[in-house]
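Here's the structure, in structure tokens; my notes come after.
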Amino acid sequence: MKKLNLIFGMLLVGMFAITSISNSVIANEEEKVKGPKLEYKAENNRVDLGTLYVDELERMSLEIEFENAGTEPLTLSRVTACCGTRVEDYPEEPINPGELGVIKVSFNLARRPHNVNRVVRAMSNDPDGQKILRITGKVEEKEE
């Protein structure tokens, strides 16, 4: 009988330990979600332009959608881009939780075959820091 009580007691202590650890993990995950959180709507933070042809190139304009997936208002402090990409506009007012915002960019592509690889960086009050979006694609000669 003493062995049975000892085994039951050990099981009870084990269950309390597992419950305590589980609650701690859940609390840590909830802490990560608190505050503002910028999430680009583009899959894997990437916009794929696909294949573009040299003789059909025009000035490219993109509207990059993002969401505040956090619990507090998101404020963009600065948005930059590389390689001759111009940031035309971005929201200066705070984006409330669950709301969408748009970053507008434009750029010209060289009229020669090459791979496109542009980067847009958004700095905000998101605790995770700057968020990067990549614009990729390929410029080719059109086969006739």
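Mind checking which residues of the range 50-76 are acidic (D, E) and closer than 14 Å to L100 by Cα?
We begin by selecting, within the range 50-76, every residue acidic (D, E); these are 55-56, 58, 63, 65, 67, 72.
E63, E65, E67, E72, listed by residue number.
For the range 78-98, give me the residue count where each residue is over 17 Å from L109 (Cβ atoms) and under 17 Å from the mean Cα position of the chain (by Cα).
Result for the range 78-98: 9.
Counting only residues that are over 15 Å from Q130 (Cα atoms) and modelled with pLDDT of 95 or more, how many does the range 71-84 have? Give the derivation first.
Of all residues in the range 71-84, those over 15 Å from Q130 (Cα atoms) come to 71-73, 83-84.
Keeping just the survivors that are modelled with pLDDT of 95 or more gives 71-73.
Total meeting the criteria: 3.
May I ask you to verify whether L100 is assigned by TED's automatic domain parsing to the domain that holds G50 and buried (at least 17 other Cβ atoms within 10 Å of the Cβ)? Let's see the steps before the verdict.
Values: assigned by TED's automatic domain parsing to the domain that holds G50: yes; buried (at least 17 other Cβ atoms within 10 Å of the Cβ): no.
No; evaluated as a whole, the condition is false for this residue.
If you scan the range 59-70, which residues turn out to be under 13 Å from Y40 (Cα atoms) and either at pLDDT below 95 or crowded, with 17+ Cβ neighbours inside 10 Å (or both)?
In the first step, residues of the range 59-70 are kept if they are under 13 Å from Y40 (Cα atoms); the result is 63-70.
Passing the criteria: I64, F66, E67, N68, G70.
Would you pick out the residues in the range 34-52 that are surrounded by 16 or more Cβ atoms within 10 Å (Cβ to Cβ) and of a type in the set (V, I, T)?
Within the range 34-52, V47 is the sole residue that qualifies.
Restricting the search to the range 105-124, which residues are among the β-branched types (V, I, T) and either surrounded by fewer than 17 Cβ atoms within 10 Å (Cβ to Cβ) or in contact (Cβ under 8 Å) with a residue 60 or more places away in the chain (or both)?
Here is the first cut: in the range 105-124, the ones among the β-branched types (V, I, T) are 105, 116, 119-120.
Those that are among the β-branched types (V, I, T) and either surrounded by fewer than 17 Cβ atoms within 10 Å (Cβ to Cβ) or in contact (Cβ under 8 Å) with a residue 60 or more places away in the chain (or both): V116, V119.
Among the listed residues P91, P127, which satisfies the condition of being touching a residue at least 60 places away in the same chain (Cβ under 8 Å), in a loop (DSSP other than H, G, I, E, B) and not aromatic (F, W, Y)? Break it down stepwise before answering.
On the way: P91 fails: touching a residue at least 60 places away in the same chain (Cβ under 8 Å).
The unique qualifying residue is P127.
Can you name the condition, by its number, that E56 falls short on among (1) surrounded by 11 or more Cβ atoms within 10 Å (Cβ to Cβ); (2) more than 15 Å from P36 (Cβ to Cβ)?
All conditions are met except number (1).
What number of residues within the range 109-141 satisfy the criterion of being basic (K, R) and either closer than 11 Å to L52 by Cβ or not assigned by TED's automatic domain parsing to the domain that holds L57 (or both)?
Of the residues in the range 109-141, the ones basic (K, R) are 111-112, 118, 121, 131, 134, 138.
Now restrict to residues that are either closer than 11 Å to L52 by Cβ or not assigned by TED's automatic domain parsing to the domain that holds L57 (or both): 111, 138.
Summing the residues that are basic (K, R) and either closer than 11 Å to L52 by Cβ or not assigned by TED's automatic domain parsing to the domain that holds L57 (or both) in the range 109-141 gives 2.
The values are calculated or read from the model by the stated rules, or taken from the named source; none is laboratory data. Because the structure is a prediction, the values reported are computed rather than measured. Every residue, glycine among them, receives a Cβ derived from its backbone with ideal geometry; neighbour counts consider all protein chains shown.
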